[in-house]
Amino acid sequence: MSHLHIPDGILPLWLWLLGYILIAIYFIFGAFYIKKYKKQSKFPLISIMAALMILTMSIPLPFPVPYHVNLSVLTGIILGPVLAFFAVFTTNLLLAFLAHGGITVIGLNTVVISIEAALGYFIFRFLYKKFNKIFFSVFIATFLALLFSTFLNIGIVYTGTHNLSMLAHHHHGHHGEFNHKHHQNDHNFIEHENHHPPLMETHERQEGFDKHEHEENFNIKKFLSLMFIFGFIGWILESSLTGFIVSYINKVKPDILNL
């Protein structure tokens, strides 16, 4: 739900470039972390989690809105918030080559899903220390992390498209003002000559703009409604799946979780 399936050329340059800058900073921090705490032995586990995320994120669920299981919170719980970043980045890079979003949104996707993984990790640790219940802690942590990342995802999309929308409205406003003045001058001249004001074209044009604006608002509301309705179902499914997986790992190989 938090993965941006947006092709190149949609989001503005400053927004997707900011995503790349943020992951570059975190990449440097992560490299120092691995070297300082000698985490090179975790590389195979990072590769396994990245492969698992690629697999699950490549299989869309049969919902009216695009949804797939991320397992990002599972990755965060197993690897921790720093190492999970490398698995998330690898996943988004390979998915972009498979046409799951453009190259320009790799940075933003990595930022959002890394935050999702880190938030799930910290919430799980807090709840587990407080209640000592694996499934409950994982379920709540996953659900809250997915909910937050969805809002963050919507904010990114709104920020990128809202500016373009404002620019378009601004352009149409000036263009319409120019046409109105130009049309008014022509109208005065024609009215003076023929006494037949051409008002039908202006009326039809205004109706077209009003209809377009009404359809745009309707589509946005419909999109948000569908996303939250079916997203809620997806959050429940992914939270339950993550809870069962972590509970199983805790029984057969608890050292992976470091609880």
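A short reminder: the numbers here are calculations on the coordinates, not readings from a lab. For clarity, every value in this text was computed on a predicted model and none was experimentally measured. When we count neighbours, we look across all protein chains shown, and the Cβ atoms used for this are built from the backbone with ideal geometry, even at glycine.
Could you check, for region 30-49, whether at least one of its residues is in contact (Cβ under 8 Å) with a residue 12 or more places away in the chain, under 22 Å from residue 227 (Cβ atoms) and over 19 Å from the mean Cα position of the chain (by Cα)? Checking region 30-49: not a single residue is in contact (Cβ under 8 Å) with a residue 12 or more places away in the chain, under 22 Å from residue 227 (Cβ atoms) and over 19 Å from the mean Cα position of the chain (by Cα).
Taking the numbered list (1) in a helix (DSSP H, G or I); (2) of a type in the set (A, V, I, L, M, F, W, C); (3) surrounded by 12 or more Cβ atoms within 10 Å (Cβ to Cβ) in turn, residue 25 passes all entries but (3). There is at least one residue in region 70-83 that is more than 30 Å from residue 225 (Cβ to Cβ) and among the small types (Gly, Ala, Ser). If only residues of region 93-151 that are among the charged types (D, E, K, R) and more than 20 Å from residue 68 (Cβ to Cβ) are counted, the one that is surrounded by the most Cβ atoms within 10 Å (Cβ to Cβ) is 125.
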